[in-house]
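Here's the structure, in structure tokens; my notes come after.
The values are calculated or read from the model by the stated rules, or taken from the named source; none is laboratory data. These numbers were taken from a predicted model, which means no experiment stands behind them. So basically every Cβ, Gly included, is an ideal-geometry build from the backbone, and we count neighbours across all protein chains shown.
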Amino acid sequence: MSRSSEVSRRRRSVLAATVTAASLLPWRGATAGDRAGPHAHAFTAAGKDMLTVVGPWEMTGLDPSRAGYMFQRMEVVENLLDVSNRGRLQPRLATSWQVSDDGLNWRFRLRGNRRFHDGSEITPENVLMCLRRAHARPGVLRLADIRAISAEGGDIAIALNRPFAPLPYLLTHFSVQILAPASFDAKGNVVRIVGSGPFRIVSISMPQQFDVERFDGYGGLAVPGQVRRARYISVARAETRTLLVQSGQAELAFSLDPPSIRALRTSPKAVLVTQMLPRTTFLKLNSGHPLLADVRVRRAISLCVERQGIARALLRDADLGASQLFPPSMSGWHDPALAPLRTDPAAARRLLADAGWLPGPDGIRYKNGQRLALSLTTFVDRPELPLIAAALQEEMRQIGIAVRVVIGNSSDIPASHRSGNLQLGLVARNFGNLPDPVATLLQDFGVEGGDWGAMGWRNAEVPATLARLAAATRPDPAPDAAARARVAAVLQAELPMIPVVWYRQVCAASRRIAGVSIDPFERSYRISQLQWT
């Protein structure tokens, strides 16, 4: 048999195994309503003027650090700053900002004459309390070495111990949202969400649903046909979200699986809206684990991954096969000159043999009596992940690695990282979680690694390079580009994470609404821009 015929046969075997394995996956997170179909959900009936948004994400609490992203996406809350589609800073509660020449002192001028949804005035003292609260808790503000936060006249002043250029981008994060004093109890716990955005909370049914309505005090002229009431519902299964749109019970559905996307392409009731995101699906490896500490094992796993095959068969888009960690949508970080990741199972087997892992009677490799067997954890919030996990399971089996797939909740990944129990995790990471990628990468590749990033990986160069980029008080294009390329090259060589596919967000939108667009940074559903047709 020729080499090309053998490769083709193996690809067919992997894809067949993927379909079989996917049908047997122990799905978790589905409610009784998900299993019975969309009509079985005990949702409050929506009126014809209620825009319904469905996605897989539940509200795990009211505190901004836990579910603040949901209230940000539904435009209930605001931050000091926002970002454009191209990731450029834009005013929000702050109208302007400036930094001292040494990069240590920032000032943010607050917009005057603004009120929260309960009618109380947005004052520098309100904003200061929220920022100090966010800084006192684990979160993005810890990335900056903040010495003090104070209110000075109509400004918020932030003093740093060392320069940190991405500081304004930290202030766009959902965990740094500004809430009214009425949101907190006497102990400082968030007990209600009183924001200042275009929509205000009407009711919340934890953890699945909340309703919002237009806040007339936000300003601007009323537009005929604009959406005035909206509802978010957490629906675990992608096929259920699809049926809700097809049946007219929802107007927007996010995080669709490939079968749903195919079904909706010919739907008379919905259209598909797509947007490339700075998101990559990758294997997060515990590089400190005895079975994964040898870079040859990590490289062997990478060499067995059929990226284009997975992208073509499961995502129906071969262009999404990830040739490196950073996708083309991250123009400053994606390096076209970097030698692409490739698929070569024979080379993977040689690497494992060189590392001392030899095939046993069942085809799984052993070394010093130890079996090369690992657990791969993933979750259903992004419906393609269990399918990709099944494909990877088979691809690794073919080079002699036994993999047990565990389907859980998205919180299992950071929890297992912190406990040290994670071996392999399949995740989809949005590197635009903070619109300046340096800030996000500092979370993922700092000295201690990150919940969604490196684990057990010891490398001094990458965090030091990122720290230099963050500390630069003035951009220096050529050296900065060289530094970013070096980070990408080290990650490609040492593989603390193994890229699998890049990501194209697909949203199903009812033909009853117009003006739908996708935020490339996944910060907003942009419901304030929608109108009924």
Options Arg241, Arg296, Arg316: the member that is part of a helix (DSSP H, G or I) and under 27 Å from the mean Cα position of the chain (by Cα): Arg241
Flag if Ile158 is modelled with pLDDT of 95 or more, of a type in the set (Val, Ile, Thr) and out of contact with any Leu (no Cβ under 6 Å at 6 or more places or on another chain): yes
Checking Gln226 against (1) crowded, with 18+ Cβ neighbours inside 10 Å; (2) not assigned by TED's automatic domain parsing to the domain that holds Arg418, the condition it does not meet: (1)
Complete set of residues in region 280-303 that are more than 24 Å from Thr440 (Cβ to Cβ) and among the charged types (D, E, K, R): Asp294, Arg296, Arg299
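Do we have any residue at all in region 481-498 that's closer than 30 Å to Asp412 by Cα and in a strand (DSSP E or B)?
Our first condition is that a residue be closer than 30 Å to Asp412 by Cα; within region 481-498, this holds for 487-498.
Okay, now just the ones that are also in a strand (DSSP E or B), so 497-498.
For region 481-498, residues closer than 30 Å to Asp412 by Cα and in a strand (DSSP E or B): present.
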Single match in Val501, Val506, Val487 (criterion: touching a Gly at 6+ places or on another chain (Cβ under 9 Å), within 30 Å of Val305 (Cα to Cα) and buried (at least 20 other Cβ atoms within 10 Å of the Cβ)): Val501
Search result, residues across region 117-155 that are hydroxyl-bearing (Ser, Thr, Tyr) and either part of a strand (DSSP E or B) or in contact with a Leu (Cβ under 6 Å, 6 or more places away or on another chain) (or both): Ser150
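Just for strands (runs of 3 or more DSSP E) wholly inside region 366-433: which have at least 3 residues that are assigned by TED's automatic domain parsing to the domain that holds Thr281 and more than 21 Å from Pro56 (Cβ to Cβ)?
Result: 373-379, 402-408.
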Pairs with Cβ under 8 Å, 6+ apart, first in region 505-533 and polar (S, T, N, Q) and modelled with pLDDT of 95 or more, second part of a helix (DSSP H, G or I) and surrounded by 19 or more Cβ atoms within 10 Å (Cβ to Cβ): Ser510/Val245; Ser524/Gln72; Ser524/Arg73
Residue in region 98-120 that is free of Cβ contacts under 8 Å to residues at least 12 places away in the same chain, over 28 Å from the mean Cα position of the chain (by Cα) and within 22 Å of Glu75 (Cα to Cα) present: yes
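Condition check ((1) farther than 26 Å from Asn430 by Cα; (2) free of Cβ contacts under 8 Å to residues at least 24 places away in the same chain; (3) in contact with a strand residue (DSSP E or B) (Cβ under 9 Å, 6 or more places away or on another chain)) across all residues:
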| site | (1), (2), (3) |
| --- | --- |
| Pro181 | yes, no, no |
| Lys187 | yes, yes, no |
| Phe199 | no, no, yes |
| Ser203 | yes, yes, yes |
| Met206 | no, no, no |
Residue within region 372-383 that is out of contact with any strand residue (DSSP E or B) (no Cβ under 8 Å at 6 or more places or on another chain), surrounded by fewer than 23 Cβ atoms within 10 Å (Cβ to Cβ) and closer than 20 Å to Asp294 by Cα present: no
Members of region 308-323 found to be within 20 Å of Gln492 (Cα to Cα) and among the aliphatic types (A, V, I, L, M), listed by number: Ile310, Ala311, Leu320, Ala322
Condition check for Ala144: within 28 Å of the chain's Cα centre (by Cα) and free of Cβ contacts under 8 Å to residues at least 40 places away in the same chain: yes
The one condition in (1) among the aliphatic types (A, V, I, L, M); (2) more than 30 Å from Ile513 (Cα to Cα); (3) in contact with a Pro (Cβ under 7 Å, 6 or more places away or on another chain); (4) buried (at least 22 other Cβ atoms within 10 Å of the Cβ) that Ala238 fails to fulfil: (2)
Per-region count, region 360-396, residues under 22 Å from Ser411 (Cα atoms) and of a type in the set (D, E, K, R): 3
Sole residue being buried (at least 23 other Cβ atoms within 10 Å of the Cβ) and assigned by TED's automatic domain parsing to the domain that holds Arg349, chosen from Val305, Val295: Val305
Unmet requirement for Asp412, which otherwise passes all of (1) in contact with a Phe, Trp or Tyr (Cβ under 8 Å, 6 or more places away or on another chain); (2) under 22 Å from Arg312 (Cα atoms); (3) without any contact (Cβ under 8 Å) to a residue 60 or more places away in the chain: (2)
Selection within region 318-345 - aliphatic (A, V, I, L, M) and either exposed (fewer than 13 other Cβ atoms within 10 Å of the Cβ) or touching a Cys at 6+ places or on another chain (Cβ under 9 Å) (or both): Ala337, Ala339
Residue that is surrounded by fewer than 16 Cβ atoms within 10 Å (Cβ to Cβ) and of a type outside the set (A, V, I, L, M, F, W, C), where the choices are Gly87, Gly61, Gly55: Gly61
